């Protein structure tokens, strides 16, 4: 089973007060599912996690804090990224390709995901990064099936039907997915 994990699943793992803390930990630690994230997920995760850390809203394990104390600030994000990718056995979707997009008389190179997100914007009514996530999921689902999009984001949850229509992938909360896997009763 292949599942795309929204950024908030990774963040919840490090945030005990999050409503999806327990379910996110269960999902991320599960070894028999193909957990997919994107370049966007990882970038967004690192931005959020370090902002929360600076504001004392999360706390890293003593091991991570010790490693960080020995690193320059600019190296910490890359080390944390490598750590979570390895720890959770995450599969990362990279950018697909650059396409020429003609605006007036000028050709501009656009990442395919951005063009897809631009085309979806009017239909979904979602924020920019949310549309980018959906574009990535929709493009990947055409190449290699994604079974579920797992998210705690209310905007995605409230617009499940629209998300399914534009991506072909059903949306589940972490709790719903844990229940589906029989990990929660």
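Points worth noting:
- Restricting attention to the stretch 151-167, the residues that are under 17 Å from the mean Cα position of the chain (by Cα), surrounded by fewer than 17 Cβ atoms within 10 Å (Cβ to Cβ) and under 23 Å from residue 115 (Cβ atoms) add up to 2.
- For the stretch 2-17, the set of residues classified as part of a loop (DSSP other than H, G, I, E, B) and at pLDDT 95 or above consists of 6 only.
- The set of residues from the stretch 72-90 being surrounded by 13 or more Cβ atoms within 10 Å (Cβ to Cβ) and not in a helix (DSSP H, G or I) comprises 88, 89, 90.
- Answer residue from the stretch 115-128, given it is touching a helix residue (DSSP H, G or I) at 6+ places or on another chain (Cβ under 7 Å) and within 20 Å of residue 101 (Cα to Cα) and is surrounded by the most Cβ atoms within 10 Å (Cβ to Cβ) among those: 117
- Meets criteria (in contact (Cβ under 8 Å) with a residue 40 or more places away in the chain and either under 17 Å from the mean Cα position of the chain (by Cα) or buried (at least 17 other Cβ atoms within 10 Å of the Cβ) (or both)) for residue 136: yes
- The residues of the stretch 45-66 that are in a helix (DSSP H, G or I) and either surrounded by fewer than 10 Cβ atoms within 10 Å (Cβ to Cβ) or touching a strand residue (DSSP E or B) at 6+ places or on another chain (Cβ under 9 Å) (or both), listed by number, are 45, 54, 62, 63.
- Among the candidates 95, 138, 121, 117, the residue that is over 18 Å from residue 48 (Cβ atoms) and in a loop (DSSP other than H, G, I, E, B) is uniquely 95.
- Residue count, the stretch 146-160 (criterion: part of a helix (DSSP H, G or I), in contact with a strand residue (DSSP E or B) (Cβ under 6 Å, 6 or more places away or on another chain) and touching a residue at least 24 places away in the same chain (Cβ under 8 Å)): 1
- Residue check for residue 26: surrounded by fewer than 23 Cβ atoms within 10 Å (Cβ to Cβ) and in contact (Cβ under 8 Å) with a residue 24 or more places away in the chain: yes
The values are calculated or read from the model by the stated rules, or taken from the named source; none is laboratory data. Bear in mind the structure is a predicted one, so any value in this text is a computation, not a measurement. Virtual Cβ from ideal backbone geometry, glycine too; neighbours counted across all protein chains shown.
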